[in-house]
Amino acid sequence: MLPYLVSAFALCSFIVGTNGESFWNFANWTSEDPHCPNGYSTVGNQCLMFVTFAEESHKDAMQVCHAASGDLLAISTPTQFVHVVNHIYSQGYTGRQFWLDGSDAQQEGKWVTSSGQAVPRGTPFWAAFQDFQQPDNAYGKEHCLEMETSEYFYLNDASCADKSNFICQYMPQQEEELRESLTATVAPTTPHSEASRGQCPTFFVEVGGLCMMFVTWAQVTWTEARQTCGDSSDLLAITDAEVLRAVYLYLHRENIADHTFWLGGSDSQEGNWIYTTGESVPMGTPFWGLLRHDSFTQEPNGGTSENCLMLQSEGSHYFRDASCSSRLNPLCVYHG
């Protein structure tokens, strides 16, 4: 009788959840999402389950996902990352940590998923401050991948034994039909530019489907940077995380990541960040970098003294606000 009571108690504890949240209420097994099985919701073009009813170690979280016909979520593209971050904020899941599929337990610094896929490194995925970017393997004990609330849900390394919430992805092989059905309804988003036709002017290079000029030979104010770009181009406006990723990779591939560049954004009306194109500057993760003082905060933080937008080398080329009179390198985009 005693073993039965112990088992029943354990089951009830799991159903109620480690934070008192009802498992059955959370899982929403009567979900009306036509694309996903019960318990999962469509996020971007994936079926995901945000497990907030329980906190598990990394290996135990993986087993729970397997039991729900899924795997821990593997982050592979900036667009996917944007969808996940936006869903966390829209559903009020702040104040939590979420395990993801990724570890460097087998070889320090080599981050891979359980299927052997490389975990993308750098911007715009991993948390970055003015002086370093995650992962940092604090105390030599952080070998599992999480999205950390105090780091604004950027990627972070953590001890695999920590107890956290987690995100399950419905079995990838069964998601292919979902991806195809959702992707088929979305028009291609390839930028309409000279770059898409392979016709970038001299000194401009194709990066992320756009013709860009990285003016490493001049350090000028923000206003002067616009003039440097000339009549047929302007300072770059980044509204897509895929473009931010492409710029980051290009800077490192060409060994010019030690430069800090002006972008075309400003908030002449304090707090209302707008590009010279009239487009809104995207805010929050995964665009703006972090600051580390007594606690972690997210840019912009300069108030009325910092009203122009830069990609700062020391901040891993995330967005940061700066004084418009600072002298930085222009990053221009060709408009034709």
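The values are calculated or read from the model by the stated rules, or taken from the named source; none is laboratory data. As the structure is a prediction and not an experimental result, all values here were calculated from the model. Ligands, DNA and RNA are stripped out before the accessible areas are found, and what is left, the full protein with its side chains, is counted by its heavy atoms. Shrake-Rupley method; radii C 1.70, N 1.55, O 1.52, S 1.80 Å.
Listed values, structure above:
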read-out: Heavy atoms of residue 324: accessible area, 1.4 Å probe, square angstrom to 10; value: 50 Å²
read-out: Share of alpha-carbon pairs per 5 Å distance bin for the stretch 41-176, given as whole %; value: 2, 11, 22, 26, 23, 12, 4, 1, 0
read-out: DSSP beta bridges in the stretch 41-176 [antiparallel fraction, %, rounded to 5]; value: 90 percent
read-out: Intensity falloff of the stretch 226-266 expressed as log10 I(q)/I(0), Debye formula with alpha-carbon point scatterers, at q = 0.31 Å⁻¹; value: -1.07
read-out: Cα gyration tensor shape for the stretch 63-108, rounded if a/c is under 1.5, else prolate or oblate; value: prolate
read-out: Orientation-averaged projected area, Cα convex hull of the stretch 276-336 (nm²); value: 5.4 nm²
read-out: Exposure rank, largest accessible area first [216, 260; 1.4 Å]; value: 216, 260
read-out: The stretch 34-61 and the stretch 65-79: distance between their alpha carbon centers, rounded to Å; value: 8 Å
read-out: Antiparallel DSSP beta bridges within the stretch 205-334, percent to nearest 5; value: 90 percent
read-out: Computed P(r) (all Cα pairs; the stretch 205-334; 5 Å bins; percent); value: 2, 11, 22, 27, 22, 11, 4, 1, 0
read-out: Probe 1.4 Å - accessible area at residue 270, Å² to nearest ten; value: 100 Å²
read-out: Ratio Rg/Rh, restricted to the stretch 129-172 and using Cα atoms, in which Rh is the Kirkwood radius; value: 1.02
